[in-house]
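Please read the structure below before turning to the comments.
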Amino acid sequence: MPFKRLGFGLVRHAHILGMLGLGGGILFSAGPAEAADAEEHFRTHVLPVLDEHCFKCHGAEGKAKGGFDLASREAVLKGGDSGPAVDLKAPGKSVLLDMVSYRDADHEMPPDKGKLSPSAIGALEEWVRRGLVFDEEAVRARLETIESKGQFYDNSISEKTRNWWSFRPIIRPEAPEVSDPDWNSNPIDAFIFDRLKQNDLSPNEPASRQEWIRRAYYDLTGLPPSPEDVAAFENDHSARAHEKVIDHLLASDRYGEKWGRHWLDLVRYAETNGYERDNPKPDAWRYRDYVIRSFNSDKPYDQFVKEQIAGDELDHVTKDSIIATGFQRLGIWDDEPVDADQAFYDGLDDVLATTGQTFMGLTIGCARCHEHKIDPMPQEDYYRLLAFFHNTYNNIREGRFKKSPYSLNTTTVIASEEEVKEHNALKKALDDQVNELQKQIDAYELKVFATFSNPEKEDAKDQRTRRTMIVEKRKDVLSKEELEDCLAIEQELKQLRQRRLPELAQALSIKENGPVAPKTYVLLRGNAHSKGAEVRPGFPTILGFEDPEIPQPEPGAETSGRRRALAEWLVRDDNPLTARVIANRVWQFHFGRGICRSPSNFGQNGEMPPHPILLDWLASYLMEQGWSLKKLHKQIMLSSAYQMSSRADAKALAKDPENNLFWRFDMRRLTAEEIRDSIIHLSGKLNLQMGGPSIYTPVPEEILATASRPDAAWGRSSEDQQNRRSIYVYIKRSLHEPMLKTFDMADTDSACAVRFATTVPTQALTMLNSEFLNDQAESFAKRLEQDAADTRSRVALALRLATSREPETKEVQQGVDMMDELEKELHMSRHQALQRFCLLVLNMNEFVYLD
């Protein structure tokens with residue numbers, strides 16, 4: 001979606017395309033070889049970039065953004081709303097290149113999918129340098145293809161755009177009847193099987209029981225099954241064998257830790273603010289624990305949504321509902337902004353953009369500075385939605401909030417009335433003790449003071465001088481018994497004043513500036529100092545809802561009630577987005593990707609789902625089941641689709657190489673947290689303590705040295721605490737836990753809908769050479785020595801624990817042979833050889849991959 005400011009557009013008719021490249025000629029002075037090379041560069045390197053990022057947004061006749069025509073050289077040189085896009089005399093100064101290189105901070109293109117890759121930017125730079133050479137036949141062919149598929153974007157509000165798949169009402173579809181009885185009992189399977197048969201494809205055979213139970217354990221708990229769990233499942237031939245495993249896992253506390261981590265990705269969870277100082281967000285960990293509790297208790301998803309948007313405005317405000325509003329405080333923010341008003345709106349934008357992507361699957365933030373260039377969302381809609389949050393304190397305050405008594409890291413006391421009463425009683429008792437002891441000391445000091453001469457009394461008007469003089473004279477004035485008593489009282493008083501009462505529980509939460517919300521205006525070009533028309537709170541126009549009637553706040557109210565109106569709208573049964581979005585996410589985290597592959601973008605620039613009817617069925621089922629996520633998990637995991645093997649099939653790979661139709665289960669690598677937790681689990685040291693303040697793992701000094709204050713950059717935890725699950729590791733924006741960072745932990749600066757699993761050399765180096773891996777291999781070896789009697793049985797147990805299957809005889813023999821060789825060739829002890837073997841096991845692909 002590049003070049004929005006310029007408004008590049010494409011004209012698809014032949015008489016315009018005929019002008020491309022001056023009729024196919026060379027656009028700059030060059031010989032035939034150079035001209036051919038320039039045209040080849042356009043076809044090979046430039047056209048793919050335009051095709052992927054530009055044509056859809058800037059190709060529809062009559063809808064060119066800003067009046068600029070990318071398909072015509074003359075039009076490019078002439079320019080659009082912002083003037084010429086290319087300067088052939090000074091190519092490097094071309095506005096087009098400024099935008100795609102993000103040198104124009106106000107117009108970074110494309111804005112929705114992030115900055116172009118260096119190679120793509122380099123291709124455009126070379127294209128401009130060579131004079132904008134076109135291949136008219138290639139451009140014409142591509143534009144005709146785009147038009148034939150209806151892929152030009154239409155951001156108007158019309159019957160056509162109202163009929164976009166994600167904007168339609170959710171109506172539960174009837175499952176088709178299919179011929180295979182194994183694929184007809186679960187509606188999910190019927191939808192999958194029907195589409196496969198329409199495309200002359202067949203579903204894969206079922207996975208083995210060992211493969212399925214390992215998949216199920218990791219999907220629901222993030223940890224492997226024990227050998228005993230695997231054996232019990234393989235020997236259970238009852239019809240409910242799979243169901244019993246699923247029920248057991250959903251009832252486990254480990255479920256909330258695994259699925260809570262998915263949610264924390266979406267809400268950009270971190271415990272610090274970012275920027276240079278990267279100061280802590282006090283008590284942010286309580287939000288993490290709230291999320292884990294919510295998943296474990298199967299809190300209805302609609303309630304889960306309402307609590308995070310407006311937990312302080314509900315009829316029944318609870319400790320958890322207050323903690324839940326911490327969702328709105330998790331983003332990055334600058335505690336020393338150059339422009340406080342602009343920073344205030346940046347903070348609101350973070351909340352609104354995250355709300356839009358996480359709950360609604362819409363890129364609302366793209367309409368902050370201008371109308372959305374892809375979706376039918378005018379700029380007014382952005383500010384109508386922002387108005388719901390406008391009254392909140394969000395880190396930095398604008399205009400009328402500047403004089404409010406507000407700490408940047410404000411928290412809310414969430415202790416119960418009984419806890420507060422007990423705390424106050426303890427405080428009063430402590431104060432009474434202090435006052436009583438102080439009276440006794442005052443009496444002794446008064447006795448000493450009475451002996452002062454008039455000049456000394458004059459000097460003693462200064463309290464410090466008085467104190468010094470009393471200390472010097474009291475040994476001469478007080479008796480031995482009195483002096484000893486005085487010194488003892490002073491010591492007791494000192495100890496009492498150093499005593500700290502247990503703090504009342506507090507939570508990072510949202511607050512409002514009273515019941516009267518400020519007026520909200522459209523900010524021209526997103527500038528906080530350039531106000532346009534006033535707007536009222538409202539929902540996206542394209543969805544056709546009336547503006548909310550927000551009740552007048554009751555006397556004594558501390559909030560405006562606006563966020564509650566938004567929260568209740570989000571979970572209405574006739575809202576077409578919320579149930580679809582979360583149903584798609586649940587599918588995504590089971591199958592490795594969503595039915596819609598762009599899980600936070602259900603708009604026109606997102607991916608079209610190959611199974612929109614199945615997604616509607618899942619969304620309907622979720623709402624019918626009282627928004628129970630656990631019931632949705634169970635329905636999905638009992639399907640034949642979930643139980644398929646991930647093995648390849650030549651015919652299916654040829655027809656559907658990306659597995660869009662779900663003919664097989666996709667293999668996946670374990671997540672960063674799963675890898676770390678599984679390694680500690682195998683060593684026998686995993687600490688399953690739940691909740692509480694976050695823990696710190698050891699971080700090399702070389703990494704700490706990168707912080708602005710290395711000595712204060714990271715904390716220390718005991719070894720037992722270091723071995724807790726990864727979800728409890730402290731998340732610092734400027735310094736990431738090395739193991740988690742290496743294996744692609746979530747980006748914490750914005751909502752992370754999809755983690756990308758990379759394969760890079762640092763991962764192999766970490767798994768082989770890091771102190772963490774070698775220490776865990778040592779602990780793993782000691783566990784094997786304790787649990788198995790000889791080398792062969794230790795090798796077998798290690799493989800069984802790591803792979804959740806019975807190892808083959810030849811695999812065990814290979815392990816024994818390796819250890820024998822290490823002892824013979826490198827003169828290692830038997831224990832050292834076992835430690836090296838354990839390190840090898842932790843590096844097996846079968847350990848870090850499912851299926």
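The values are calculated or read from the model by the stated rules, or taken from the named source; none is laboratory data. Since this is a predicted model, take the numbers as computed values, not measurements. Cβ atoms come from the backbone with ideal geometry, glycine included; neighbour counts cover every protein chain shown. For the accessible areas, the whole protein counts, side chains as well, though only heavy atoms, and no ligand, DNA or RNA atoms are used. Shrake-Rupley method; radii C 1.70, N 1.55, O 1.52, S 1.80 Å.
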Q.
Suppose we filter 593, 572, 580 for residues that are touching a residue at least 24 places away in the same chain (Cβ under 8 Å), in a loop (DSSP other than H, G, I, E, B) and either small (Gly, Ala, Ser) or at negative phi (or both); which single one remains?
A. 593
Q | Residue selected from the range 732-763 under the condition in a helix (DSSP H, G or I) and without any contact (Cβ under 8 Å) to a residue 60 or more places away in the chain, by the criterion least open to solvent (accessible area, probe 1.4 Å) | A | 763
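Residues being assigned to a strand (DSSP E or B) and either β-branched (Val, Ile, Thr) or open to solvent by 50 Å² or more (accessible area, probe 1.4 Å) (or both): count how many of those fall in the range 479-513.
We begin by selecting, within the range 479-513, every residue assigned to a strand (DSSP E or B); these are 506-508, 512.
Now drop any that are not either β-branched (Val, Ile, Thr) or open to solvent by 50 Å² or more (accessible area, probe 1.4 Å) (or both), which leaves 506.
The qualifying residues number 1.
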Q. Pairs under 7 Å by beta carbon, first residue in a helix (DSSP H, G or I) in the range 415-443, partner open to solvent by 50 Å² or more (accessible area, probe 1.4 Å), six or more apart or different chains?
A. 430/499; 434/497; 437/492
Q | Residue satisfying all of: in the range 514-530; within 14 Å of residue 369 (Cβ to Cβ) and without any contact (Cβ under 8 Å) to a residue 60 or more places away in the chain; least open to solvent (accessible area, probe 1.4 Å) among these | A | 530
Q. Only one of (1) part of a loop (DSSP other than H, G, I, E, B); (2) open to solvent by less than 80 Å² (accessible area, probe 1.4 Å); (3) more than 30 Å from residue 311 (Cα to Cα) fails for residue 461. Which number is that?
A. (2)
**Q.** Single match in 241, 231, 270 (criterion: touching a helix residue (DSSP H, G or I) at 6+ places or on another chain (Cβ under 7 Å) and over 20 Å from residue 675 (Cβ atoms))
**A.** 241
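Taking the range 74-92 only, how many residues are among the charged types (D, E, K, R) and over 22 Å from residue 136 (Cβ atoms)? Don't jump to the end; show me each part of the working.
Within the range 74-92, the subset among the charged types (D, E, K, R) is 74, 78, 81, 87, 89.
Next cut, over 22 Å from residue 136 (Cβ atoms) only: 81, 87, 89.
Number of matching residues: 3.
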(Q) So, in the range 394-430, exactly how many residues are at pLDDT 50 or above and either open to solvent by 70 Å² or more (accessible area, probe 1.4 Å) or hydrophobic (A, V, I, L, M, F, W, C) (or both)? (A) 16
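Quick one: which helices (runs of 4 or more DSSP H) lie wholly within the range 806-851 and hold at least 3 residues that are aliphatic (A, V, I, L, M) and surrounded by 13 or more Cβ atoms within 10 Å (Cβ to Cβ)? Can you show your working first?
Values: elements: 809-826, 830-842, 845-848.
Because the criterion is at least 3 residues that are aliphatic (A, V, I, L, M) and surrounded by 13 or more Cβ atoms within 10 Å (Cβ to Cβ), the helices (runs of 4 or more DSSP H) in the range 806-851 that meet it are 809-826, 830-842.
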Q. Given the residues 200, 189, which is the only one that is within 22 Å of residue 655 (Cα to Cα), in a loop (DSSP other than H, G, I, E, B) and not hydrophobic (A, V, I, L, M, F, W, C)?
A. 200
Q) List pairs: first in the range 113-141 and on the phi > 0 side of the Ramachandran plot, second open to solvent by less than 30 Å² (accessible area, probe 1.4 Å) and assigned to a loop (DSSP other than H, G, I, E, B), Cβ under 8 Å, 6+ apart or cross-chain? A) 131/27; 132/27; 132/86
Q) Mind checking which pairs have a first residue in the range 696-712 that is at negative phi and open to solvent by less than 50 Å² (accessible area, probe 1.4 Å) and a second that is part of a helix (DSSP H, G or I) and among the hydrophobic types (A, V, I, L, M, F, W, C), Cβ under 9 Å, 6 or more apart or different chains? A) 697/739; 697/740; 697/772
**Q.** Residue list for the range 42-64, filter: at pLDDT 70 or above and open to solvent by less than 30 Å² (accessible area, probe 1.4 Å)
**A.** 42, 46, 47, 49, 50, 54, 55
Q: Tell me, please, whether a residue that is modelled with pLDDT under 85, basic (Lys, Arg) and open to solvent by 60 Å² or more (accessible area, probe 1.4 Å) can be found in the range 127-137.
A: no
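Just the residues that are closer than 30 Å to residue 311 by Cα and polar (S, T, N, Q), please, taken from the range 414-458.
416, 424
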**Q.** Leading residue by the ranking (nearest to the chain's Cα centre (by Cα)) among those in the range 699-715 that are part of a helix (DSSP H, G or I) and within 17 Å of residue 279 (Cα to Cα)
**A.** 704
Q: Quickly run through the range 639-661 and pick out the residues that are surrounded by fewer than 17 Cβ atoms within 10 Å (Cβ to Cβ) and in a loop (DSSP other than H, G, I, E, B).
A: 647, 648, 657, 658
